[in-house]
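Asks: My structure is below; once you've seen it, I'll send some questions.
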Amino acid sequence: MAVLDKKGRLFGRLNIIDCVAVLLIIALAAAAVYRFTASGMTKNTNCRIRYTLVIRPVRDFTLDFYDKGLSVYDKAKQEYIGDVDGFRFEPYELSGVKNDGTFVMAARPEQSTVYLDIAADARETDTAFLLNGAYELKVGSEININTKYVDVTGTVVSAEIIEYK
Amino acid sequence: MNEKTAKLRFTPLDAAIIAIILLAAAAAVWYLTRGAGGEPVDLRYTVEFAGKDASFEGLPQVGDTVYDSVRGSYLGVITDIEYTDSLVQIWNPEEGIYTQEAVPDTLNCYLTIAADGIERPAAAAIAASDIEIRVGKEMFVKGKGYASPGYIVWMELTPKEAE
């Protein structure tokens with residue numbers, strides 16, 4: 001018996017299109033299971049984390065729109081990534097060279113640096129903290145965030161586990 | 001065609017394909033309706049047009065209806081207009097500080113715009129166009145005879161009085 005007969009059936013029984021469709025569904029399911037369970041990882045622990053976003057420069061008259069308790073979303077992925085757990089402001093400083101050749105840090109008028117602490121449930125793996133099962137949070141990455149009141153871009157500068165679950 | 005061959009045949013593969021189609025339809029419905037609902041509010045926000053030529057002054061008028069210049073969506077009605085000097089920050093190498101200086105013949109224009117809004121847990125949006133309003137968001141505003149990009153620098157939500 002031929003492997004593929006005149007009707008396109010494998011071994012006279014299975015339609016080759018059906019076989020391809022089934023294989024595709026199995027591959028998609030396997031990929032989804034791998035992505036959402038982080039299989040292959042030796043570390044896979046549920047925890048609560050606090051991470052800090054630095055946002056700079058921020059115009060001083062917009063500082064009133066940062067508040068504790070606001071939910072934070074990744075703007076591009078439209079995904080919830082935690083709640084504001086705390087914040088602080090500092091003058092926004094840049095370096096400059098004086099006439100005598102020395103480097104100094106100097107504050108830019110009416111601009112601040114915002115440190116936004118965000119708390120979120122996460123899963124700790126070997127390579128990242130995963131928020132919502134699949135959102136990779138990494139120190140050093142830049143995120144465009146939305147809260148109810150602001151639309152800004154910040155850089156993740158720290159992330160720590162505050163509680164294991 | 002006899003009755004036997006005309007009988008509807010339904011294989012497990014057909015069931016899988018139908019299930020995938022139903023899931024995709026459910027995801028599409030969720031995606032398209034996820035922003036629906038919310039409480040009606042009076043929404044006011046201010047957009048800053050920075051570094052405009054001095055000839056821009058007087059073009060926007062209180063009472064103008066403004067629209068998104070990219071999509072044409074409704075943004076609201078201008079309720080207040082302010083102009084300030086357009087400032088740049090300059091490094092002073094003698095003292096080692098930054099100072100602000102006005103740029104000649106340029107100005108910043110601040111348009112405060114009012115619209116009926118919808119307040120949701122994660123956002124406030126213009127009711128007529130569902131454009132979300134947040135401080136720091138870039139807007140493309142056009143009115144009668146003028147248009148400019150600008151950033152939202154202030155917003156306020158006031159619950160509507162019960163009628």
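Asks: Sort B:109, A:47 by Cβ crowding within 10 Å, fewest neighbours at the top.
Replies: In increasing order of surrounding Cβ atoms, one gets A:47, B:109.
Asks: Non-local amide H neighbours of residue B:73 (under 5 Å, H modeled in plane, Pro and chain starts lacking H): which ones?
Replies: B:68
Asks: Right, something else. Please compute the length gained on full extension between residue B:16 and residue B:79, using 0.36 nm multiplied by the number of residues separating them and subtracting their Cα-Cα distance.
Replies: In short, 17.0 nm is gained.
Asks: Moving to a separate point now. Counting only other chains, what is the mean number of Cβ atoms within 10 angstrom of the Cβ of each residue in peptide A:142-150?
Replies: Mean shielding count: 4.
Asks: Would you be so kind as to identify which of B:50, B:110, B:31 lies farthest towards the positive end of the dipole of the protein assembly as shown, taking Lys and Arg as +1 and Asp and Glu as -1 on Cβ and the Cα centre as origin?
Replies: Result: B:31.
Asks: Can you list the lysines whose alpha carbon is less than 28 Å from that of residue A:6, not counting same-chain residues fewer than 8 positions off?
Replies: B:4, B:7
Asks: For the stretch B:39-158, what's the relative contact order in percent, using C-alpha pairs closer than 8 Å and at least 6 residues apart?
Replies: The normalised contact order for the stretch B:39-158 reaches 38 percent.
Asks: Let me ask something additional. Could you list A:93, B:161 so that the one with the fewest beta carbons within 10 Å of its beta carbon is first and the one with the most is last?
Replies: Lowest to highest Cβ neighbour count: B:161, A:93.
Asks: Could I ask something else about it? Report relative contact order for the stretch A:81-163 in percent, whole number only (criteria: Cα-Cα under 8 Å, sequence separation at least 6).
Replies: Worked out over the stretch A:81-163, it gives 21 percent.
Asks: Pairs A:77/A:138; A:77/A:165; A:75/A:148; A:148/B:144; A:75/A:138; A:68/A:148: which exceed 20 Å Cα-Cα?
Replies: Flagged as over cut-off: A:77/A:165; A:148/B:144.
Asks: Here's a follow-up. Within a 10 angstrom radius of each residue's Cβ in B:91-99, how many Cβ atoms of other chains show up on average? Whole number is fine.
Replies: Per residue, the average neighbour count from other chains is 6.
Asks: Additional query: Order by neighbour count: B:148, B:69, fewest other Cβ atoms within 10 Å first, most last.
Replies: Starting with the residue having the fewest Cβ neighbours, the order is B:69, B:148.
Asks: Further, regarding this structure: Based on the inverse mean of 1/r over its pairs of different Cα atoms, what is the Kirkwood hydrodynamic radius of chain A, in Å?
Replies: 19.5
Asks: Let me know the Rg and Dmax you get for the protein assembly as shown when you use only its Cα atoms, in Å.
Replies: 27.9, 101
Read the figures in this text as sums done on the coordinates, not as results from a lab. Bear in mind that the values here come from a model prediction, so they are computed numbers and not experimental data. Quick reminder, even Gly has a Cβ in these numbers, built from the backbone with ideal geometry, and neighbours come from all protein chains shown.
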